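Asks: Sharing a structure below in structure tokens format, with a few things to ask.
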Amino acid sequence: MPLRAARRLAALTAVAFVALPAASALAQAQPYEAVEATKTWKVDIGGGVVRGFSATGAKSDQFNFTAWGSASYRDVVYANGLDGLGWNAIKRDGFHAGVQLRPRFAAGDIEGSTLDRPDLGADAAIYAYKRLPGNVVVGGRIQHDATGDDAGMEYMASVGHQRVTPVGLLQVMAYGRAFDDARAKRYFGIAPDAVPGSGFTAYEPSGGAAGAGAAALLAIPIGDRFGMGAFVNYEQRLGDIKDSPLLKDDHVWRAGLIGVVRFNSGD
């Protein structure tokens, strides 16, 4: 693939991962080998159809239109719909570490149930990622509820690889995540005092391993300012989480097709 085309792909990487809990706006938080020169500022906007994800938690098992926006200043301070507001406090070739104020997406109401489900909130997070030989990136993050919703903590670890192919920019990733007791109970538990009217029996899961999965993204340039990204993601629920009566299945598939248009400082 010509270098010029490869550069146009850099903006698409984070966009097509909008629906993947595994990903963290890879072009900004994770130190893959650069495919374009750093711009003073960048803004990407777009959207597409996504299955397996909904910011409100509603109809996530259907295909939904999902809007997207992201911005960054010298790839040090950045914002996007998945990571929220972030800062690469340490940004070196091959190593990124920083902090984020991340959106925590709603669990979604259950029809006919009186359960108090988590609404859209926010987590404060710290992260660190290291690039290894072969353009493999390993690392993770720790995040904690920052909005007083008793949503506890989540831990994420991942290993990923990126390369330019004759078709486009390909990224693959494997990941695992874990919850503390508070998050497991808030999102997947049913407290005894919440049973009346809920339609469920009490269930109080413990923290620990919560999920493991794999994801793949292919981003393809279209002209100078446009592009498309297609992704697929499979996640297996683990531990007490997978037995929660609030879940229809012990696994989830996510997939989507996203388009984006890009603006930058031109330097």
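Results for (1) touching a residue at least 60 places away in the same chain (Cβ under 8 Å); (2) farther than 21 Å from VAL261 by Cα; (3) open to solvent by 10 Å² or more (accessible area, probe 1.4 Å), shown as yes or no for each residue.
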{"position": "PHE65", "(1), (2), (3)": "no, no, yes"}
{"position": "ASP75", "(1), (2), (3)": "no, no, yes"}
{"position": "TYR78", "(1), (2), (3)": "no, no, no"}
{"position": "GLY84", "(1), (2), (3)": "no, no, yes"}
{"position": "ALA89", "(1), (2), (3)": "no, yes, yes"}
{"position": "PHE95", "(1), (2), (3)": "yes, yes, yes"}
{"position": "PRO118", "(1), (2), (3)": "yes, yes, no"}
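Asks: In the range 35-63, which residue that is part of a loop (DSSP other than H, G, I, E, B) and at pLDDT 85 or above is farthest from MET228 (Cα to Cα)? Explain how you work it out, then say what you get.
Replies: From the range 35-63, those part of a loop (DSSP other than H, G, I, E, B) are 35-40, 52-62; that's our starting set.
Narrowing further to those that are at pLDDT 85 or above: 39-40.
Working: LYS39: 21, THR40: 24 Å.
Looking at the filtered set, the residue picked out is THR40.
Asks: Okay, moving on. When the residues of the range 154-186 are narrowed to those that are assigned to a loop (DSSP other than H, G, I, E, B) and either open to solvent by 50 Å² or more (accessible area, probe 1.4 Å) or closer than 29 Å to GLY207 by Cα (or both), which ends up modelled with the highest pLDDT?
Replies: By that ranking, first place goes to ASP180.
Asks: Another question about this same structure. Taking the stated definitions as given, is ARG104 crowded, with 17+ Cβ neighbours inside 10 Å and out of contact with any helix residue (DSSP H, G or I) (no Cβ under 8 Å at 6 or more places or on another chain)?
Replies: Answer is yes for this residue.
Asks: Mind checking whether some residue in the range 5-20 is among the aromatic types (Phe, Trp, Tyr), crowded, with 20+ Cβ neighbours inside 10 Å, modelled with pLDDT under 80 and not in a helix (DSSP H, G or I)? Show your work before the answer.
Replies: Within the range 5-20, the first condition is being among the aromatic types (Phe, Trp, Tyr), and the residues that meet it are 17.
Within this subset, residues satisfying the condition of being crowded, with 20+ Cβ neighbours inside 10 Å are 17.
From the residues that got through so far, the ones that are modelled with pLDDT under 80 too are 17.
Those left that are additionally not in a helix (DSSP H, G or I): 17.
The answer is yes; a qualifying residue exists.
Asks: Which residues, counting only those in the range 126-146, are assigned to a loop (DSSP other than H, G, I, E, B) and either surrounded by fewer than 15 Cβ atoms within 10 Å (Cβ to Cβ) or on the phi > 0 side of the Ramachandran plot (or both)? Outline the logic, then answer.
Replies: So in the range 126-146, the residues assigned to a loop (DSSP other than H, G, I, E, B) come out as 133-135, 146.
Scanning the range 126-146 gives PRO133, GLY134, ASN135.
Asks: Which ranges mark the strands (runs of 3 or more DSSP E) fully within the range 64-125 that have 3 or more residues being of a type in the set (Gly, Ala, Ser) and touching a strand residue (DSSP E or B) at 6+ places or on another chain (Cβ under 8 Å)?
Replies: Answer list for the range 64-125: 84-92.
Asks: Would you pick out the residues in the range 21-33 that are at pLDDT 85 or above and either closer than 18 Å to GLY108 by Cα or open to solvent by 50 Å² or more (accessible area, probe 1.4 Å) (or both)?
Replies: Taking the range 21-33 first, the residues at pLDDT 85 or above are 29-33.
Scanning the range 21-33 gives a single hit, GLU33.
Asks: With closer than 25 Å to ALA37 by Cα, surrounded by fewer than 16 Cβ atoms within 10 Å (Cβ to Cβ) and touching a residue at least 60 places away in the same chain (Cβ under 8 Å) as the only criterion, which of GLY229, GLY199, GLY259, GLY266 stands out?
Replies: So the residue among GLY229, GLY199, GLY259, GLY266 that is closer than 25 Å to ALA37 by Cα, surrounded by fewer than 16 Cβ atoms within 10 Å (Cβ to Cβ) and touching a residue at least 60 places away in the same chain (Cβ under 8 Å) is GLY266.
The values are calculated or read from the model by the stated rules, or taken from the named source; none is laboratory data. Only a predicted model underlies this, so the values are computations on that prediction, with no experimental measurement involved. Cβ atoms come from the backbone with ideal geometry, glycine included; neighbour counts cover every protein chain shown. Quick note on the areas: whole protein, heavy atoms, side chains included, nothing else; ligands and nucleic acids left out. Shrake-Rupley method; radii C 1.70, N 1.55, O 1.52, S 1.80 Å.
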